[in-house]
Each structure stands twice: as structure tokens, then as C-alpha cells.
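Notes follow once the structure below has been shown.
The values are calculated or read from the model by the stated rules, or taken from the named source; none is laboratory data. Note that the structure is a prediction, hence the values are computed from the model and not measured. Cβ placement follows ideal geometry from the backbone for every residue including glycine, while neighbour counts extend to all protein chains displayed. Ligands, DNA and RNA are stripped out before the accessible areas are found, and what is left, the full protein with its side chains, is counted by its heavy atoms. Shrake-Rupley method; radii C 1.70, N 1.55, O 1.52, S 1.80 Å.
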Amino acid sequence: SGDTITAINGHKVSSWDVAQIVLVMKNKNEYYTFDVKHEDGKMDTYKVVPKVEKDADGNERQVFGIEVESNTLSGFFGSIKYAFMKFNSIVESMWLTVSGLLTGKISTSALSGPVGMYKIVDDGVALGLNYMIYLTAFLSINVGFINILPFPAFDGGRILFLIIEKIKGKPVDPKIENTIHNIGFFLLLALII
């Protein structure tokens, strides 16, 4: 009690959101390395072998035996502080997720499509208004993060072409730009399918 996990498998973790993403990443060992800072400031490294449990549907999950302390911030300024902390945590988690997908450390099976999102929202309704407000903010941040990535067909792709145009000093050929955006759009459709 009172210990702080500072890194998992060499990845620095600043929040439980980030820690959960790191724990989902593929691991070459059967154990996970946890760097822990104790209340007295002493640092230790632990090798933790998770227990694998199956639910009623046969889905496996790893159990590490960690209980996360939840600090409740209240009041106007506490809410503002929480909003900024949570925003940073979600963006960092998204960055880890996207880089993990590109490097193969996170399986595409960990993603949810429209049907999965419907189930999450449907389950969330039962948890009340607070959860639905959080889920709405979470999805908005995710959409905003994905949209700003420098990928064709996203706003980030358009920004990338504007940066290239600024560096070159002349516009990119519109035919080439349209072709690249169309390819990006079809790749997105393939991902959705």
C-alpha cells in the first residue's frame, strides 16, 4: 500500500490508463517487469507472472494482483485539474495504442468496431450519467487524436500537405494529393470492414 508503479517493461507509466495499455502489449517473456517507488523513496524492480483467468465466454485475461488507489478530486478547481490530468492520460494512451498497432505490439483484435462501440455505450447507460459523460469525452478525445494523425483522408494528412507546401515553397500537385487522399480513404474503409 502506498507504492507507485513508475514503469512496466521499461515503459514509463504516469497513470493507470497508460499502465493498462502497456499490460496489453505483447511481451516476449512470461513475466512483466514492474519498477516500483515506495513511500520512503526507495526503488525496487519486481518480475510479476500474471495469473491467466477465463470468463464465462472463454475470453482470457491476465490478473496481476494490483489494486489501484482512486483519488477523488472535488470542487471546481479539482474538476479542472482532473480534466487536464485525464486528457493527458488518454492522449498518452492513444499514442501508445497507435504506436503499438504499427509495431505489432498490440493486436488489432484489441480494437472495437461500430458493434463493439454500441455494446460499450449500451453497457455504459446502466452505469449512469457520470459514466456516459466520461465516455462521451473519452470518445471525443479519441476521434480528435486520430483525426490529427498525419494520415491521408484525415485533417492531419491535410496539415502534412500544407507543411510540405510551406517547405517546398509551392503547392503539391492536386492530382497527386487527391490520389493519396483517395488511397488513404480506401484503406480506412478496408479497416472498417
Item to check | Out of Gly156, Gly184, sole residue that is surrounded by 12 or more Cβ atoms within 10 Å (Cβ to Cβ), closer than 25 Å to Phe87 by Cβ and out of contact with any strand residue (DSSP E or B) (no Cβ under 6 Å at 6 or more places or on another chain) | outcome: Gly156
Checklist entry - So how many residues does the range 11-42 have that are within 19 Å of Ser89 (Cβ to Cβ) and outside any helix (DSSP H, G or I)? => result 9
Checklist entry - Any chance the range 118-131 includes a residue that's within 22 Å of Ile8 (Cβ to Cβ), assigned to a helix (DSSP H, G or I) and modelled with pLDDT under 85? => result no
Checklist outcome for this item: The correct count of residues that are free of Cβ contacts under 8 Å to residues at least 40 places away in the same chain and loosely packed, with under 14 Cβ neighbours inside 10 Å in the range 26-41 is 8
Checklist outcome for this item: Log entry, pairs with first residue in the range 150-172 being farther than 14 Å from Leu188 by Cα, second being buried (at least 17 other Cβ atoms within 10 Å of the Cβ), beta carbons closer than 7 Å, six or more apart or on different chains, reads Phe161/Glu177; Val172/Phe161
Next on the checklist: Step by step: first the residues of the range 43-93, then only those that are assigned to a strand (DSSP E or B) and open to solvent by less than 70 Å² (accessible area, probe 1.4 Å), then the one that is nearest to Lys12 (Cα to Cα). Which residue is that?
Outcome noted: Asp44
Item to check | Cross-chain or 6+ apart pairs with Cβ under 7 Å, the range 1-25 first and modelled with pLDDT under 85 and open to solvent by less than 20 Å² (accessible area, probe 1.4 Å), then among the basic types (Lys, Arg) and outside any strand (DSSP E or B) | outcome: Met25/Lys105
Item to check | Any chance Thr108 is at pLDDT below 90, over 30 Å from Ile192 (Cβ atoms) and either exposed (fewer than 11 other Cβ atoms within 10 Å of the Cβ) or in contact with a helix residue (DSSP H, G or I) (Cβ under 8 Å, 6 or more places away or on another chain) (or both) | outcome: no
Next on the checklist: Condition first: assigned to a loop (DSSP other than H, G, I, E, B), under 19 Å from Leu135 (Cβ atoms) and not basic (Lys, Arg). Can you find one or more residues in the range 105-112 that meet it?
Outcome noted: yes
Next on the checklist: Which numbered condition in (1) more than 24 Å from Thr103 (Cβ to Cβ); (2) out of contact with any Gly (no Cβ under 6 Å at 6 or more places or on another chain) is the only one that Gly10 fails?
Outcome noted: (1)
Item to check | Residue in the range 94-105 that is nearest to the chain's Cα centre (by Cα), counting only those that are of a type outside the set (A, V, I, L, M, F, W, C) and surrounded by 16 or more Cβ atoms within 10 Å (Cβ to Cβ) | outcome: Thr97
